[in-house]
1. Is there any pair with a first residue in the range 125-149 that is under 22 Å from Ile270 (Cβ atoms) and a second that is aromatic (Phe, Trp, Tyr) and modelled with pLDDT of 80 or more whose Cβ atoms are under 6 Å apart and which are 6 or more apart or on different chains, and what are they?
2. Out of Leu311, Leu292, Leu329, report the one residue that is free of Cβ contacts under 8 Å to residues at least 40 places away in the same chain and of a type outside the set (S, T, N, Q).
3. Any idea how many residues of the range 24-71 are in contact with a Pro (Cβ under 8 Å, 6 or more places away or on another chain) and either at pLDDT 85 or above or surrounded by fewer than 17 Cβ atoms within 10 Å (Cβ to Cβ) (or both)?
4. What is the residue count in the range 304-332 for residues that are crowded, with 17+ Cβ neighbours inside 10 Å and not in a strand (DSSP E or B)?
5. State all residues of the range 340-364 that are under 21 Å from Ile302 (Cβ atoms) and either of a type in the set (Gly, Ala, Ser) or in contact (Cβ under 8 Å) with a residue 40 or more places away in the chain (or both); if no residue qualifies, say none.
6. With the structure loaded, tell me whether Arg139 is crowded, with 24+ Cβ neighbours inside 10 Å and at pLDDT below 90 or whether it fails that test.
7. Does the range 261-276 contain at least one residue that is in the same structural domain as Val169 (by TED's automatic domain parsing), closer than 30 Å to Leu105 by Cα, among the basic types (Lys, Arg) and surrounded by 13 or more Cβ atoms within 10 Å (Cβ to Cβ)?
8. Select the strands (runs of 3 or more DSSP E) contained entirely in the range 207-258, then report the ones holding at least 2 residues which are more than 30 Å from Arg273 (Cβ to Cβ) and among the aliphatic types (A, V, I, L, M).
Amino acid sequence: MSTEEKIKDIEAEMAKTQKNKATAKHLGLLKAKLAKLKTELVSGGKGGGGGAGEGFDVSKSGDTRVGLVGFPSVGKSTLLSQLTGTESLAAAYEFTTLTAIPGNLFYRGAKLQIVDLPGIIEGAKDGKGRGRQVIAAARTCNMLLIVLDASKPITLKKKLEYELEGFGVRVNKVKPEIRFHKKDRGGVTFRSLHPQRYIDDDIVRSVCSEYKVPNADIEVRFPHCTVDQIIDAISNRAVYMPVVYVLNKIDALPLPEIELLCSYRHFVPISARTAWNFDELKERIWEYCKMLRIYTKPKGEIPDFDSPIILHARKPRISDLCDRIHRTLIEQYKFAWVWGSSVKHQPQKVGKDHFLHDEDVVQIVKNNG
């Protein structure tokens, strides 16, 4: 029996099983089996097919990677061409793009790799079309632009989220506070800092058993934890992905509809054909990728303001900057001089745990310097 057939069998059993306290453990075990099979499907293990597949293995380049995802004929190829100048074949019929097409967008001193992925079809999460290759490639991105036809955005949005969630892509969600630590002995120990309604010791142990984890400490630090969140923590399969919904062909809609769509969170209306509202789209990409520009200043020289070092964390430290420059630099680190909004004095001497702000200037002093 193929992986796809096993997935269908489990989904059918889950659909006919009543949800109540008596069946919670059984359903939890089925969900764990299902998640495990879907991981095999997307990674190409145990008969699931081959990973990202031909034409999808695009080497990462630049400071961040942004994936263009959507159903066929929503304008992804036109958007790539307009943003990057890269010619991705566009035509008025479905499945024009058959491989992953990369292009580069230069913005605020950063180089962003934009990857146009082939159109997803319904059932992609179950291996239909080239769905698993597309979603496997999407999981390698720092963020996604989900391109929607502005005439029917909500319906398409829900369908795409369903396909992505099926492969462990958690759209615009924060990683839950679950501490999972494997150990050598002692069995599975489960602890929660809050009363739980949907999980208990038996459910957690059954999920661990499915993933062949006989010994572990699991601590949940928030209320209303679900079985799916426990599975994500144990399997380490989930990717928490920032997503902007790009509403294309907005120029075909009346003004009242445009104003309504603009009010939705995570939505950016554009016209790929005319490049309308691209400034807002670029700003949103920058925000969702959590990019900061740090300028380095060699001793006695002027900072290089044309080539910033790009950091991604919300609150990056000096140590993160050292790792970005060279993995061994932190071993030689003595202190740093910082100019910018992160310090009270210009310059200020700081240690490796100092938090940096966007456009700070940093001069690193090494032990031998």
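The values are calculated or read from the model by the stated rules, or taken from the named source; none is laboratory data. What you see is a predicted model; the values in this text were computed from it and never measured. Cβ coordinates were reconstructed from backbone atoms using ideal geometry, including for glycine residues, and neighbour counts include every protein chain displayed.
1. Partner pairs satisfying both residue conditions: Met143/Tyr288; Ile146/Tyr245; Leu148/Tyr245.
2. Among Leu311, Leu292, Leu329, only Leu329 is free of Cβ contacts under 8 Å to residues at least 40 places away in the same chain and of a type outside the set (S, T, N, Q).
3. Residues in the range 24-71 being in contact with a Pro (Cβ under 8 Å, 6 or more places away or on another chain) and either at pLDDT 85 or above or surrounded by fewer than 17 Cβ atoms within 10 Å (Cβ to Cβ) (or both): 1 in total.
4. 6
5. Gly340, Ser341, Ser342, Leu356, His357, Asp358, Glu359, Asp360, Val361, Val362, Gln363, Ile364
6. Criteria not met by Arg139.
7. yes
8. 216-220
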